[in-house]
1. I'd like to verify a number: residues in the stretch 114-151 that are closer than 28 Å to Glu187 by Cα and in contact with a Ser or Thr (Cβ under 7 Å, 6 or more places away or on another chain), how many?
2. From the set of residues in the stretch 373-395 that are among the charged types (D, E, K, R) and out of contact with any strand residue (DSSP E or B) (no Cβ under 8 Å at 6 or more places or on another chain), which is nearest to Ile336 (Cα to Cα)?
3. Taking the stated definitions as given, is Ser83 under 26 Å from Ser154 (Cα atoms), surrounded by fewer than 21 Cβ atoms within 10 Å (Cβ to Cβ) and either in the same structural domain as Ile258 (by TED's automatic domain parsing) or modelled with pLDDT of 80 or more (or both)?
4. In the stretch 211-239, how many are assigned to a helix (DSSP H, G or I), modelled with pLDDT of 85 or more and in contact with a helix residue (DSSP H, G or I) (Cβ under 9 Å, 6 or more places away or on another chain)?
5. Can you tell me which residue within the stretch 331-365, out of those that are in contact with an Asp or Glu (Cβ under 8 Å, 6 or more places away or on another chain) and farther than 27 Å from Thr259 by Cα, is surrounded by the most Cβ atoms within 10 Å (Cβ to Cβ)?
6. Which one of Ala269, Ala306 is among the small types (Gly, Ala, Ser), closer than 23 Å to Asn365 by Cβ and either part of a helix (DSSP H, G or I) or over 15 Å from the mean Cα position of the chain (by Cα) (or both)?
7. So Lys402 ticks every box in (1) assigned to a loop (DSSP other than H, G, I, E, B); (2) at pLDDT 85 or above but one. Which box is left unticked?
8. Kindly indicate whether Leu64 is surrounded by fewer than 17 Cβ atoms within 10 Å (Cβ to Cβ) and at pLDDT 80 or above.
Amino acid sequence: MYRTIAGILFPITLVALIGTGIWGYQEYQDKSSILIKAENQYQRAFHELNDHMDSLQKEVGKTLAINSRKQMSTSMSNVWRLSYAAHQNLTMLPMTIVPFDQAEKFLSHMGSFAFDVGVRDLEKEPLTEKEYQTLNSLYQNATNIRDKLQSTQSEVLGKNLRWMDVELATATEDKVMDNTIIDGFREVDKMVEQFQEVDWGPTVNNMEVRRREKGNIKVGPKITAEQARQKFAQALEVNPKKIKVVANPKGDYPTYSITFQGKHGEVNADMTQMGGYISWLLYDRPVKKTMLSMEQAQAQATEMLANLNIPNMVPISYDKGQNTISFNMVRNHNGILVYPEAASIKVALDNGEILGIQADEFIFNQVKNLPTKPKLSKEEAQKQVSSRLQIQKSNLAYVYNKNNKGVLCYEFLGLLNDDQYRVFINADTGDEEMVEQIKKENTNQI
């Protein structure tokens, strides 16, 4: 009887053991495959970060030697592209173990500075001496960052270190581990923190004043990576399957980093996880001829921003480059120009493709409870404007004053000695809040 039972149970048990072994081996294989993929991603991102920082350091150095303003514009666009490429590499690393907050902020500021310089017409508004000093500081700082990263890279390769070992050891609080990777990034971050303060200029500095609050600003419901892919694909009329999306929880605010291959090169962008707004986009490609008028390009820019949920935007100025045009735009709320809600957009004049977008200001400065009823009439406000200014147009505008406080103003556009000015008069108190000289030939009429 026992032999009969054993004869029946033995093959069943044997089959069960074999099945368990096969299942366990498959689980091991699957786990190993996941770890290998993660390790490959980390290694690729790390080595690409080094490559991009090396290229960035060389490109910034190149700007110091360039004399041609046309070449300077191209070079600054390259600095912008490489800064955000390096920033994107960082988002693909295990950020929980890589202390890189200060360096990440430095790269973000460098990209914003390069964008502001790269999109303006340098023939009419060349770099100032202060901006050249900023470029020199950026070159020295980028050199230090590059050298330290390359030193860390050499050690990682020499010791054959793996990112997954560091990540797993950190998760299990293993004290016996090689800290080369973590220590290398920590030294870079500490180095950046000790850099002398860089004068980024008024645009970037003003952006930084309000950026500190961005992490707490809710600009809409949180979207998934798949929703980000679909929103981006619909706005740019791209096949969603060609779009790569990577979550980036760090930085000033959580984003999805987006890349896809355009017809003439790679398109890079960031979309906010809250609300699904494009905060920046870059498509760096050559534009060899002009086929579109300024009006046609403006229509393309306005339509694209509307597709990206940035509606009712009107240009306040533009910079015309070599076969491209960049519009500085603000929201028009029932006739009130809301200057804090601003965006810049660059259009190719050969076919109307969008080459660049910077929309941080619009996303994080959306004005709630916008005042719409001025206490003063336009005629009363106009009395506070210099009689020497030949007023051409006027309208209501909402601006930040020198105390970073939002105020409703009358905006007067006028001429004085062949120069064009904007004058902002407080619509409640009559105070002259701001006077801005602008390039007449580069200013779209309000």
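The values are calculated or read from the model by the stated rules, or taken from the named source; none is laboratory data. Everything numeric here is computed off the predicted structure, so don't read it as measured data. Every residue, glycine as well, gets a Cβ built from its backbone with ideal geometry; the counts of neighbours run over all protein chains shown.
1. Adding up the residues that qualify gives 2.
2. Start the filter on the stretch 373-395 by keeping residues that are among the charged types (D, E, K, R), which leaves 373, 375, 378-380, 383, 388, 393.
Among the residues that remain, those that are also out of contact with any strand residue (DSSP E or B) (no Cβ under 8 Å at 6 or more places or on another chain) are: 373, 375, 379-380, 383.
On the way: Lys373: 11, Lys375: 15, Glu379: 17, Glu380: 18, Lys383: 20 Å.
Ranking the qualifying residues of the stretch 373-395, first place goes to Lys373.
3. no
4. The number of residues fulfilling the criteria is 8.
5. It comes out as Arg331.
6. On the way: Ala269 fails: either part of a helix (DSSP H, G or I) or over 15 Å from the mean Cα position of the chain (by Cα) (or both).
Ala306 is the lone residue from the list that is among the small types (Gly, Ala, Ser), closer than 23 Å to Asn365 by Cβ and either part of a helix (DSSP H, G or I) or over 15 Å from the mean Cα position of the chain (by Cα) (or both).
7. (2)
8. Spelling it out, Leu64 is indeed surrounded by fewer than 17 Cβ atoms within 10 Å (Cβ to Cβ) and at pLDDT 80 or above.
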